[in-house]
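Colleague: First the structure, which I've put down as structure tokens, then a few questions once you've had a look.
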Amino acid sequence: MNQTHTGSCLCGTAKFELIGEFKKFFLCHCSRCRKSSGSAHCANLFAPGAELIWLSGADKLSFYKHQETNFSRTFCSVCGSNVPTEIKARGIVVVPAGCLDTSLELSPQAHVFSGSKGNWDDGFADLPVFDGMPS
Ligand SMILES: [Zn+2]
Ligand SMILES: [Zn+2]
């Protein structure tokens, strides 16, 4: 079923609407996702056949494709936030879950490229949880 989702970057320059359906939701621990996010993994939604409409900031988007790989990402050139990437050759839109402003009915379905994860990336389920930064 098609749904409309909206999202934006941190500074609010880039705003988008996505019409379609998220079919997959993966936490990717590959080295490219680690480097580009600076974190343990990316949280990517995959929407085949979805329509991506830029409501603002289309002229401020930057695109990076990693040499000789399929890895690419689109980001706001003002604040650096990852935003959706339309992969036309595969007819798919990849959406970083963190940039969505609408809620999701889907939960992550799998950790992928777990073999590439950082040696500190383990046992997160056992960590204490705080509402904010502990003092
Ligand atoms: Zn921005
Ligand atoms: Zn990855």
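Colleague: Give me the orientation-averaged projected area of the Cα convex hull of the range 88-135, in nm², one decimal.
Modeller: 6.4
Colleague: How compact and how long is the range 3-115, expressed as Rg and Dmax of its alpha-carbon atoms in Å?
Modeller: 13.2, 38
Colleague: Under 26 Å between alpha carbons: how many lysine pairs meet that in the chain, if sequence neighbours fewer than 8 apart on the same chain are excluded?
Modeller: Taking the chain as the scope, the lysine pair count is 21.
Colleague: How many angstrom separate the Cα center of the range 1-31 from the Cα center of the range 65-135?
Modeller: Between the Cα centres of the range 1-31 and the range 65-135 lies a distance of 10 Å.
Colleague: Within 10 Å of each candidate Cβ there may be at most 14 other Cβ atoms; applying that plus a DSSP loop requirement, which GluC sites (Glu not before Pro) in the range 66-135 survive?
Modeller: 68, 105
Throughout, read-outs are computed from the coordinates displayed, never taken from laboratory work. Only a predicted model underlies this, so the values are computations on that prediction, with no experimental measurement involved. All Cβ positions, glycine included, derive from the backbone under ideal geometry; neighbour counts span all protein chains shown.
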